[in-house]
Every structure is written in C-alpha cells, then in structure tokens.
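See structure below.
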Amino acid sequence: MITLASDFGAPYPAAMKGVVRRRSDAELIDASHDLPRGDPHAAAFWLRFVLPEFPPAVHCAVVDPGVGTDRAAIVVLAGEHAVVAPDNGLAVPPARALAAATGADSEELEVFEIAVDDPTSATFHGRDVFAPAAARIREDAWTGTGVDREALAALPSLTPADEYVDRRFPEPTVERDGEAVVAVAGEVLVVDDFGNAITNVPADAVAAVEPGDRVRVNGGDPVPFVETFASVPQGDRLVTVGSHGHVECDVNDGRGTDAFGVDAGDPVRLSFE
Amino acid sequence: MITLASDFGAPYPAAMKGVVRRRSDAELIDASHDLPRGDPHAAAFWLRFVLPEFPPAVHCAVVDPGVGTDRAAIVVLAGEHAVVAPDNGLAVPPARALAAATGADSEELEVFEIAVDDPTSATFHGRDVFAPAAARIREDAWTGTGVDREALAALPSLTPADEYVDRRFPEPTVERDGEAVVAVAGEVLVVDDFGNAITNVPADAVAAVEPGDRVRVNGGDPVPFVETFASVPQGDRLVTVGSHGHVECDVNDGRGTDAFGVDAGDPVRLSFE
Amino acid sequence: MITLASDFGAPYPAAMKGVVRRRSDAELIDASHDLPRGDPHAAAFWLRFVLPEFPPAVHCAVVDPGVGTDRAAIVVLAGEHAVVAPDNGLAVPPARALAAATGADSEELEVFEIAVDDPTSATFHGRDVFAPAAARIREDAWTGTGVDREALAALPSLTPADEYVDRRFPEPTVERDGEAVVAVAGEVLVVDDFGNAITNVPADAVAAVEPGDRVRVNGGDPVPFVETFASVPQGDRLVTVGSHGHVECDVNDGRGTDAFGVDAGDPVRLSFE
C-alpha cells in the first residue's frame, strides 16, 4: 500500500498516481491532497494524526515550497512504515507517530537521503522524485507486510542522512497560581474544513479542567469546556479536546475561527476561572 | 467493497481509510467527502441518488452533527447492501433506494444498533465507531457477493433497533384548476457544485409539462422547461428534470441558485401557463 | 485500470464509480474531478499533462457542457490506451500525448463513435454513456496489459468516426528583431490550484532566455525568469517553465493570477530585454 498526500489539490496528484502505477501494482490510497498549502509543518500535524491509523505502508507526502532548491529528499523509516517526503519538517512528526504506533522507538528514526539525478522538472518533484522513490521502496524493500529495514538501506538510491529537519511543534506555556493551572498559552496549529481552530495545547495540559467548566479564549467571554459539539446549542462557541488529542476552539455548526477571531498561527491563551 | 461518504472534506477521511485497512483488505471507494456539511437529510438525498449505482457493498456514511450525544449508531440492511451511519436520518433514504434497486422491499428495512463501547473520542465516530463497524461487517458478514443477513444479525456488536429515524423528504403540493395542474409548490433540497438548485419535485409531478413549455419559478419571468442544459443559450435560465429524477432550476453554464435567488431549504413554486 | 476525470466535483463521480463497478472489477483511479468546469479544451490541457504518466488504461473523461445535444460520444484509441469522452475537444489532445508516450503515431489516431441508445437522462452521460462504455471496453477489449485494437473495433456499440473535434491549442506568436526573439505573445490556458497562470507558450519558444534574465509580462515591471519558485523571495513574482513544459506566470507562495492580473483565456505577452 502506498498512501499519497500533498497540498496539490487537483489535478497534479494524478501524475503521481500514474508514475507509481507504471512501477508498482501496490494499492494507492489518497490520504489528502488538500494539506495546508505551502506549510510543511502544519501539514505534518495532519499526517501525524491520520497516518498512524494505517497498517504498515509507504507514505508519499509532498508539501514542498522549497522544490528546486537544494533541500534534500528523504525517506524516514518508522517501524515497518516508510515516509517519503521533502526534508522540510513534513516527514519527521508523522514518522515519530508511526514509530510509536508500531511499538518502535519514536526518538530513534532512521533517515535516508534520496539521490536526485537530473529531474525532469525543477517544480514538480512529487512526480519526478517522490512518487518514483515510493514505488521503488514498495517494490524493492517490502516484506509482504511492511518495509524491510535491510532492503531499504541497501537501495542504491538511498544513503544515510546525517542531518535532517527535525522540527517540533511549539510547546504551550502553562501558567500557574501555586499549584493551580490558571492559563495555558499556545497557538493555533491548523484549521480544519469545519473551521475548528486546533491548537498546540495537548489534552493533558487541560486535564484539570472539568466538562462544564468555563474557559476564556484570549480574554474573551467565557465559553464552556465540553466533551463534544452537541453539548452546546447550535451556533454557540465551545472549547473541547478533539479526536487528535489537542484543544480546539469551535462552534457547534459554525466556524470557530470566525467566532473566536483566530486563524492558523495565531496565539491562543486559554484561561480558567 | 466498502464505500466511504462524509461531510469531512480533508484530511479526516484518511483516518477512516486507515482504520478500515487495518481490519480489512476490502476495496475502498470514496463516494464523496463533500456531502452537505452537518445536514444529514440533504446528504441522504445524495446517497439515495448515487449509492444504488453500486453492486452490493458496505456503505459507511458519516454526516454527524450529533456526534457525542446519545444518538445511536446503526446498520441498515438493504437487500445485500448494508449502510453504516449515525441514526439521524442519513441512512434510511439511501437504504430504501438500495433495497428497491436490488428487488428487496424498500418498506421492510432491517435496522441494527451498533454497540459503542468507550470510544476514543467524542468528536470523531467516523474513525472510532463507523469505520470499524463497516470493516467488521465486511469481514464477518459477507458472502463473497453481498452482505449476509444471518451473519449480520449474529454479530455480537449488533442488536435489532426497535426505533430509528425514518425521515421522509417533504412532498411537494400540487395545485390544480379542475383537472389541470397549475402549480407545484416544493422546496430546494440540495444545491450541487454547478449551482443547480435541486428540488423535492419529482418528475411525475411535472409529467404534463412538455419540453418547450414555460414555467415561472416563485412568480418570476417564465423560463423554458427543457430536457437538457444546452436547449437554452449559454447564460440563460431553465427548468429541467435532472438525472436524479427531480426538477432542478438551472442556468446553462451558470449558477441556478444565483439566477433564481434560491438556496437549499428555500421554497420553490413552479407555475405553469 | 480505468481512470476517471470530470468537472463534476462531488458527489456525481460516485455514480460513475458504481456504474463501472457493476460491470467490471478493474481498478478505479480518480484522475481529477475538478477539471476546469464546462471548459473541455482547458480540461484537455490537464489530461494531456497527467494521463501520459499512466501505463495503458481506459481513461473515462467527462467535461460535457453539450450533454443532451447531438454531440457524439467517442472513444479514441491511442497506442494501448483508450480515451472515452464527449466529442467536444476533450479527448484528442490527451490521446495524442498518450500515443506519443507509447511510441504510437500521435497524428494517426483511431476514433470510434459510441452508440447512445435511449439514455436514462439527458443531463448525466457520465453515468449513462461514458462510464458504461469505459467498463465495456475494459471487459471486452483488454489484452491484460492494454486495449486491443481489433477487439475494440469489433465492439458492436462502436463505429468508426469519420469526423471528430480535433481542436489544437492556440500557437503563440514569436516576435523577432532580426534573429533575436524580443517577445512571445500567447494566452493563459489554465490556472492551477496554486494560482499559477499556465500559458500556451512552450519551453522551446523561450529556449534563448537564460535563468536570471528578466521578462516583462504584458508590459509590466520586469520579473526574473527562473527555474523554480524558490529562486525568488517569498511573495515575489517570477516566470518559469512548469512541469508540463509550458511557461507560467507565478508568485513564490502566492497567486500569479492576482499578481499579474491575468486569468484563464487572457492574452499574455512576454517581452525580453
């Protein structure tokens, strides 16, 4: 299985599918081609969230504003998964999550650089570099149930990468009054298609907050902290922990970004009463 | 085969695909992930239209504004098809159409409730409830060519549902002058990506209207009733019976919603001269 | 393998998938369902670009503003590929590229007309004509590795087409001063999801332009002609040759259409200093 993810929209992904299918009969699954455009780090958030649901696979992910520069093309081995991507922060967060999901050590990733010879274009490495590499790995380094470490390392197009971009998501700051948590200051990492503003604040940072408690977002009027959207009337604001394990600022049947006046990258300070 | 449909846009459907693929090798087909957002009834219109084109399959459909509430999760058996969905009106209209398409009795549906134990999240049952249920049905209640009624009923996670949401689409009102139909009053059920305003008025309600006759929509200037878009000049308005068998208010190479000033849910009165 | 392409958005393509799956177990691959809406010629540009990446396949492509008129439905044989489409200019450009990619003569295409008997609708031939034809070809005229010419020609639903729409993309005009090229006048063929304005000017028309040279677009301020986006600062304009081999007017991490004030169909004059 090869999953495909990009910020390409349409129809560029079709070229990647054709390139893979010329080289491999492996199943192709579209993860998403609407990842945050030109933002590898935000895209990494989404892939970290969705890819660990898959059984071992080759994941070909392309959000590549630096295409045509000297940024490397890499493969990250994560348990029996491989993530093929530009070396710009896109690959490592999902690879850590894939490693953790398969019982491997998420801090001990093995990273290889893909040799890029004379690409057809300097603007579409999804077609010219990443899709061919994903197909080659699937054909030449697959055990039948996952990626084989030895076969991967033996591929002539790969060399161990001494350095690679290992960007972490920003940590929120917890403000305390004695023992009590009074606020958490973070930021909006991504916005989903529903307009939910998903923050870098993990569930455990708000573990002391009870459903029904009230939270202020950036000093605004207090809104309920709830377990699900439908806990508030339609059109009302809420703060909840989403299915990705992060705090999000939402509206039941509306757009949290509009109602809270926040967008991706904006600071979010959650204060508790 | 498992079809997937939702109002999730991207990238949430990828998590559902991974969840299925961990449990089943069945083919995955995306029906649509752009169903009318948060509107199970409008989404049911689309699924009623497209799903009967498929051979027997497990259809996993999630438009779920009530996620996290006590609304049930259900499976509707329709001939050799099964529809897995929240119990909010989404499942039954397509299930009736699937039953009819396979020669089964569309008024005698068998509905089961899915046991939901300790979901991982209260906000993403597509991943945590519906995708696993669809995979389980495909693995444990599949004859090779369709869903097996006995095997389905025997699944320990399913119990017969005594009650379920069986919401019908609203019927239009036919206004007569003696024998003659002078008007039909209905509403816009859904708007497609072309901007066509698709109504609840079925073809047989306008059976007496001839191609070339003129129709007023909500009392506006008369427009031609035609068999296809290209029967009118580019940019002109028209009324036709769409491929789903319903009357729609359209523009040839334009948006009917704009030209007629209507949107989903709005009343539409068609009057004939 | 059957690829599907259309301007349908969602959920109409699902009906086509179901129709194919009733008739064939062939793999289904979505090429794109967001082709330029109602514009077969612009859509042909994209299919000409992406389809040649695929191994031999049946390609079912529907951008069909003339649905319901007497425009024919055709199959174009291109090497071992077949393109099934309305006869409106959509099929031939990609078919030529497919023929060239497989070593066949791109000027000697074989074109068949599909008999259309009593379609279910006059508005959705994707479901009622093209998807069934694609499935039939895949089932009855497939060698195992590609489309078989003899079997295709023998299909009772097909007859040789004496005439078909063979619309070429407009050629740009090269303006010279003696030997030197001083300008190329063309037009924007399509705009991609990034806002890149892709022109009809092929790479060889600007072969004399060196990376780093400056180009004026429609008489505006000179911008750099570069090999890749990241050659200019974020937010800056550039002119480059895209992965499709055409000149495009772009912004690094922005929309070229906005920055250059051009859209699909607009004239573009590139002048060199």
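None of the figures in this text is laboratory data; all of them are computed from the coordinates on show. Given the structure is predicted, the values throughout are model-derived calculations rather than measurements. Note that we place each Cβ from the backbone using ideal geometry, even for glycine, and neighbour counts take in every protein chain shown.
So the label point sits 7 Å from Cα along the Cα-to-Cβ vector; using that for B:D166, what distances do you get to the other copies, in nanometres, sorted shortest first?
6.1, 6.1
Give the nm distances, rounded to one decimal, from B:D213 to the matching residue in every other copy, measuring between label points 7 Å along Cα toward the beta carbon; shortest first.
Between copies, matching label points for B:D213 lie 6.6, 6.6 nm apart.
Quick one: if you stick a label point 7 Å off each Cα along the C-beta vector at A:T145 and B:E150, how many nm between them?
Going from the A:T145 label point to the B:E150 one covers 3.3 nm.
Just want to confirm a number: the relative contact order over chain C, from Cα pairs under 8 angstrom separated by 6+ residues, in percent.
RCO, chain C: 15 percent.
Nearest the rotation axis from A to B, which residue of chain A has its beta carbon, and at what whole-angstrom distance?
Here the value is A:D30, 4.
Round to a whole angstrom and tell me the spacing of the C-alpha centers of the range C:10-51 and the range A:97-143.
28
Using the Cα centre of the range C:173-272 as the reference point, and only Cβ charges (+1 on K/R, -1 on D/E), how large is the resulting charge dipole? Debye, rounded to the nearest 20.
It works out to roughly 160 debye.
Angle check, please: helix A:40-50 long axis (alpha carbons) against the longest principal axis of chain A (alpha carbons), in degrees 0 to 90, nearest 10.
Tilt relative to chain A: about 90 degrees.
For chain B, what value does the Rg/Rh ratio take when both radii are computed over Cα atoms and Rh is the Kirkwood radius, given to two decimals?
Rounded to two decimals, Rg over Rh is 1.03.
Under the definition of Cα pairs under 8 Å and six or more residues apart, what whole-number percent is the relative contact order of the range B:173-272?
Rounded, it is 35 percent for the range B:173-272.
Hand me the GluC sites (Glu not before Pro) from the range B:145-204 located in a DSSP loop with no more than 13 other Cβ atoms within 10 Å, in residue order please.
For GluC sites (Glu not before Pro) across the range B:145-204 that sit outside H, G, I, E and B with at most 13 neighbouring Cβ atoms in 10 Å, the list reads B:E163, B:E179.
Rounded to the nearest angstrom and ordered from largest down, what semi-axes does the equivalent ellipsoid of the protein assembly as shown get from its C-alpha gyration tensor (root of 5λ)?
Values for the protein assembly as shown, descending: 38, 38, 28 Å.
Any chance you could give the angle, 0 to 90 degrees and rounded to 10, that helix C:92-101 forms with the longest Cα principal axis of chain C?
Compared with the principal axis, the helix lies near 90 degrees.
For peptide B:32-39, how many partner chain Cβ atoms fall within 10 Å of a residue's Cβ, on average?
Neighbouring Cβ atoms belonging to other protein chains average 4 per residue here.
Measure nothing but the geometry: give the 0 to 90° angle between the long axis through the Cα atoms of C:131-140 and the longest principal axis through the Cα atoms of chain C, rounded to 10°.
70
Per residue of C:246-253, how many C-beta atoms from partner chains lie within 10 Å of its own C-beta, taken as a mean?
What the average comes to for C:246-253 is 1.
What three numbers, in Å, describe the spread of the alpha carbons of the range C:173-272 along their principal axes, ordered from the longest?
Extents along the principal axes: 38, 27, 24 Å.
May I ask which residue of B:S243, B:F194, B:A180 lies farthest towards the positive end of the charge dipole of the range B:173-272, with charges of +1 (Lys, Arg) and -1 (Asp, Glu) on Cβ and the Cα centre as origin?
B:A180
The range C:1-106: which GluC sites (Glu not before Pro) are DSSP loop and have at most 12 other beta-carbon atoms within 10 angstrom?
none
Which distance in nm do the two modelled labels at B:T69 and A:D221 give, with both placed 7 Å along the Cα-to-Cβ direction?
Those two pseudo-labels are separated by 2.2 nm.
Filter the GluC sites (Glu not before Pro) in the range B:108-137 down to the DSSP loop ones having no more than 14 other Cβ atoms within 10 Å, then list what survives.
Of the GluC sites (Glu not before Pro), the ones in loops of the range B:108-137 whose Cβ has at most 14 other Cβ atoms within 10 Å are B:E108.
Please compute the contact order of the range C:19-158 in relative form: average sequence separation of alpha-carbon pairs under 8 Å and at least six residues apart, divided by the residue count, as a percent.
27
Which distances, shortest first and in nm, link A:D263 to the matching position in the other copies, using label points set 7 Å out along Cα to C-beta?
In nanometres, ordered from closest: 2.2, 2.2.
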